[in-house]
Amino acid sequence: MKSISFNKIQGFVRLILSLIIVFVVLYVSVFGVFNDSYLRVGMLLFAGFIILLDIEPGEKTLFMKVMPLVLAVLLAAGVMQYFSAAEEIETGLYFLTQRDIWLGIAGIVAVFELTRRSVGLIMASVSVVLFLYGIFGDLFPGVIRHAGISIEELIQVLWYSFDGVFGRPMATVVSTILVYIIFGAVLGLVGIDMVLVRLALSATGRLRAGPASAAVVASGLFGTISGSAVARSCQIFCVSSCLKFYSTFK
């Protein structure tokens, strides 16, 4: 019963955070960005909490139960430190203290784990290797050696600027990609995705590569609704999943 109760609370919190993200994304799509700095950092915080809350206490060890809480604290600490100096960071007149450096490292470590949980170990490993290369790259031989950068400069670029974690990709996700993900989810709920798949199958069903050809056609049909290549790319899953059903692929 305790596990069921915890799962309900966990699901409720994730639902609230998801609704907040949806509301903010829709607000931005209609009225524009209200504060770019707070928007990017806040969305990372909420999304990070949603990912970290995706746990099953009954099937985890004590270490795995505690780890999400530790990561949530690290992420929140790094984000709060960014918020406390957001105005100075935007002007470029902010000099990092030791507290800033350590909390920035904490936030970056949390992002590494979020990457592993959401994307996979390979992408997280690549991120860690590149981070370490930034610190120790001046020790490498030959052409892979760089001039060197201090940990303070690296943390300032990665965490306390718009050139790292909160850079242009994050802005694109918040202002564009999430809008189309929500749009695609709504289409899936009302059954539009199945209509597109059936139209595509009726046009390509007699071909040898029927499901593959249908995926291309259905993807193109979806793109004509929004007129955006980003929307088509982000929501190709709703098309491919339906085609797996038609192809009896599990």
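Would you confirm, using the coordinates I've provided, whether V111 is without any contact (Cβ under 8 Å) to a residue 24 or more places away in the chain, in a helix (DSSP H, G or I) and surrounded by 13 or more Cβ atoms within 10 Å (Cβ to Cβ)?
no
Conditions: (1) more than 23 Å from A124 (Cα to Cα); (2) exposed (fewer than 15 other Cβ atoms within 10 Å of the Cβ); (3) modelled with pLDDT of 75 or more; (4) out of contact with any Asp or Glu (no Cβ under 9 Å at 6 or more places or on another chain). A147 meets all but one. Number of the miss?
(4) is the only condition that A147 fails.
Do we find that A124 is of a type in the set (G, A, S) and surrounded by 18 or more Cβ atoms within 10 Å (Cβ to Cβ) in this structure?
yes
Can you name the condition, by its number, that V186 falls short on among (1) farther than 30 Å from A106 by Cβ; (2) among the β-branched types (V, I, T); (3) surrounded by 14 or more Cβ atoms within 10 Å (Cβ to Cβ)?
V186 satisfies every listed condition except (3).
Report, ordered by the first and then the second residue, all pairs with beta carbons closer than 7 Å, sequence separation of six or more or different chains, a first member in the stretch 177-188 that is within 17 Å of V28 (Cβ to Cβ), and a second member that is surrounded by 17 or more Cβ atoms within 10 Å (Cβ to Cβ) and of a type in the set (A, V, I, L, M).
L178/V25; V179/V25; Y180/A231; I182/V25; F183/A231
Need the failing condition index for F131 against (1) within 21 Å of the chain's Cα centre (by Cα); (2) assigned by TED's automatic domain parsing to the domain that holds I20; (3) farther than 26 Å from D36 by Cβ, just the number.
(3)
Anything in the stretch 189-210 that is within 17 Å of T224 (Cβ to Cβ) and either within 24 Å of the chain's Cα centre (by Cα) or acidic (D, E) (or both)? List them, or say none.
Of everything in the stretch 189-210, just one residue is within 17 Å of T224 (Cβ to Cβ) and either within 24 Å of the chain's Cα centre (by Cα) or acidic (D, E) (or both), namely D193.
Suppose the filter is of a type in the set (S, T, N, Q), without any contact (Cβ under 8 Å) to a residue 40 or more places away in the chain and not assigned by TED's automatic domain parsing to the domain that holds I89; does S150 pass it?
no
If you go through the stretch 86-100 one residue at a time, do you hit one that is buried (at least 17 other Cβ atoms within 10 Å of the Cβ) and in contact with a Leu (Cβ under 6 Å, 6 or more places away or on another chain)?
Checked the stretch 86-100: no residue is buried (at least 17 other Cβ atoms within 10 Å of the Cβ) and in contact with a Leu (Cβ under 6 Å, 6 or more places away or on another chain).
Is there a residue being among the charged types (D, E, K, R), at pLDDT 75 or above, under 27 Å from the mean Cα position of the chain (by Cα) and surrounded by fewer than 18 Cβ atoms within 10 Å (Cβ to Cβ) anywhere in the stretch 162-173?
yes
The values are calculated or read from the model by the stated rules, or taken from the named source; none is laboratory data. Small disclaimer: the values here were computed from a predicted structure and weren't measured. Cβ: placed from backbone, ideal geometry, glycine included. Neighbour counts: every protein chain shown.
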